[in-house]
Amino acid sequence: MQEYFKRFNKKNTVIAAILISIGVIAGVIMSSNLGWIPLGQARVEPIPPRITQHLAETEKAFVEISRRVTPAVVNISTTKTMKGLERSPLSPFFQDPFFRRFFGDEFFREHEMPRKRKEQSLGSGVIVSEDGYIVTNNHVVEGADEIKVVLSDRREFVGKVVGADPKTDLAIVKIKDSDLPAIVWGDSDQIEVGEFVLAIGSPFGLNQTVTSGIISAKGRANVGIADYEDFIQTDAAINPGNSGGALVNIMGELIGINTAIFTRSGGYMGIGFAVPSNMAKSVMDSLVKEGKVTRGWLGVYIQDITPELAKQFKLSTNTGALISDIIEGSPAEKAGLERGDVIMQYNGKEVENNSHLRNMVAQTPVGKAIDVKIIHDGGEKKLKVTIGELPANMAKGETGEGSSGGIFEGVTVQNLTPEFRERLEIPDKIRGIFVTTVEAGSPAEEYGLKAGDVVMQINKKDTKTIKDFNKIVDDIKKGDSILVLVYREGMTIYITMSP
């Protein structure tokens, strides 16, 4: 009986093994036919082509743009000679604070010697003509003794500064060669927020680096980088060494010159700025043809429209530029523009703010007649003004005292005597009363009135004397909005006070 069970178990074991083998083979066959994944393995299904088609096309576009544009972007390295003082090798004991206090700083200054040292920096540039003109930033080449330009094919050239414009932080460098890979100029006036862009340059000396992003904003001003600011803002990574490089659109056209980044750490933080190509081209044309930058001039002092000013001047929008003063003999005066006018359109383009108008005027050819649409005394008016050339020196009777109450509480004024006028160099055409003090924390200080201001008008009424000033102030009712015209540091501005 025992022998029988042994044979039976052995037979069953063989049968089980055969059945398991058949099952494994069948599973493999079925998995291969039906797409099943064997236990213990993992496989990611491929994404259908219909889904990746658009991404693949975008990828190919970026590759093609990079291939075509990068040869026009160069690396610029400069060498500057910096002068300083170096101490003579006195005994280390004399560096001890005790000896310095005993002998005095004069003793150590006598042992200082002039010393020169070489300082190197890196940047980028963009070839914009086949005969070797390169646009870059002024801060890349400013004060350089030597400029080396390295092309994408590793050829090296000695660069020469043709001209520079610190007011826009642009410079033009020339290398001697021909048939160079020049980039195509784009029209920066046509760009829109949200468009794809590529930034190309040499961050940290890494040549031909390409980063991508979008246009985050346009018309950025008051950044504090240059006098004339109309920056394109982008989130394409721009790092040290990218300065002077190219910002291009999806057509491979140059729409900006990378200039600066906003950073708290010294590195990329998602905000970069580029000079618009139209501004760069205008500056380049002036520097190459005339050896200097010639800017248009309207001859007005302007300021932005705040909601309070819009209310005072009965405007339906906060866009435009408010004329706070007219320069005598200027194109604006000759055309009939007046203080208090609001420029809404310039040469057919809507004026966004004072910086926008300033940049448009600066880029207008001297002698060109421009149509200007303004708001004058609440109504629209069109004028034609012939733009002049920006002067080289511009970028940018009865005595007594009185004080007032209400919103002018804490303000002390004085009549503008001839002696006072001469001492403060206030032009003869300025008529008003002089603000001698403004108490700290007073309402007037909070609204921006300062000691030294000359109050010319309140609510568009002249304040030639303290008597005029007091009468107008007394007539102001509680809760009334007040519009004050003041002369300050060579220009007139409007201040609104809204209790």
- Task: Return the total of residues in region 440-450 being closer than 22 Å to G490 by Cβ and over 32 Å from the mean Cα position of the chain (by Cα).
- Result: 1
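So that you can scan it fast, the table gives a plain yes or no per residue for (1) within 21 Å of E308 (Cβ to Cβ); (2) aliphatic (A, V, I, L, M):
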| site | (1), (2) |
| --- | --- |
| Q414 | no, no |
| T417 | no, no |
| I458 | yes, yes |
| K478 | yes, no |
- Task: State which residue is farthest from K429 (Cα to Cα) when the search covers only region 458-489 and only residues that are in a strand (DSSP E or B) and in contact with a helix residue (DSSP H, G or I) (Cβ under 6 Å, 6 or more places away or on another chain).
- Result: L483
- Could you tell me whether S355 is surrounded by fewer than 22 Cβ atoms within 10 Å (Cβ to Cβ), under 19 Å from G219 (Cβ atoms) and not acidic (D, E)? yes
- Query: What's the number of the condition V484 fails, among (1) within 24 Å of L322 (Cα to Cα); (2) at pLDDT below 85?
  - Reply: (2)
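Looking at this structure, is G299 farther than 21 Å from E350 by Cβ and open to solvent by less than 40 Å² (accessible area, probe 1.4 Å)? Show your work before the answer.
Working: farther than 21 Å from E350 by Cβ: yes; open to solvent by less than 40 Å² (accessible area, probe 1.4 Å): yes.
It is true that G299 is farther than 21 Å from E350 by Cβ and open to solvent by less than 40 Å² (accessible area, probe 1.4 Å).
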- Kindly list the number of the only condition in (1) touching a strand residue (DSSP E or B) at 6+ places or on another chain (Cβ under 7 Å); (2) closer than 22 Å to V69 by Cβ; (3) not in a strand (DSSP E or B) that fails for S178. (1)
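Can you tell which of V455, V372, V385 is assigned to a strand (DSSP E or B), more than 30 Å from N278 (Cα to Cα) and at pLDDT 85 or above? Walk me through how you get there before you give the answer.
On the way: V372 fails: more than 30 Å from N278 (Cα to Cα); V385 fails: more than 30 Å from N278 (Cα to Cα).
Every option except V455 fails the conditions.
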- Pick out the one residue from V135, V140, V149, V126 that is touching a Phe, Trp or Tyr at 6+ places or on another chain (Cβ under 9 Å) and open to solvent by less than 50 Å² (accessible area, probe 1.4 Å). V149
- Query: Within region 257-269, can one find any residue that is closer than 17 Å to R358 by Cβ and either open to solvent by less than 20 Å² (accessible area, probe 1.4 Å) or of a type in the set (A, V, I, L, M) (or both)?
  - Reply: no
- Item | Pairs with Cβ under 7 Å, 6+ apart, first in region 331-343 and under 11 Å from Q303 (Cβ atoms), second open to solvent by 10 Å² or more (accessible area, probe 1.4 Å) | V342/I305; V342/F313; V342/L315; V342/I375
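Which strands (runs of 3 or more DSSP E) sit wholly inside region 235-320 and have at least 2 residues that are out of contact with any Leu (no Cβ under 7 Å at 6 or more places or on another chain)?
Working: elements: 246-248, 253-261, 272-276, 300-304.
Counting at least 2 such residues, we get 253-261, 272-276, 300-304.
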- Considering (1) in contact with an Asp or Glu (Cβ under 9 Å, 6 or more places away or on another chain); (2) closer than 25 Å to L206 by Cα; (3) buried (at least 21 other Cβ atoms within 10 Å of the Cβ); (4) at pLDDT below 90, say which one I225 fails and leave the rest. (3)
- Task: Can you confirm whether region 487-498 contains a residue that is in contact with a Phe, Trp or Tyr (Cβ under 7 Å, 6 or more places away or on another chain), closer than 30 Å to G299 by Cα and open to solvent by 40 Å² or more (accessible area, probe 1.4 Å)?
- Result: yes
- Note on the structure: Scanning region 431-469 residue by residue, those crowded, with 18+ Cβ neighbours inside 10 Å, more than 18 Å from D325 (Cα to Cα) and polar (S, T, N, Q) turn out to be T465
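The values are calculated or read from the model by the stated rules, or taken from the named source; none is laboratory data. Source: prediction; values computed, not measured. Glycine gets a Cβ as well: all are built from the backbone with ideal geometry, and neighbour counts include every protein chain shown. The protein model used for the area step is the full one, side chains on, heavy atoms only, and it has no ligands, DNA or RNA in it. Shrake-Rupley method; radii C 1.70, N 1.55, O 1.52, S 1.80 Å.
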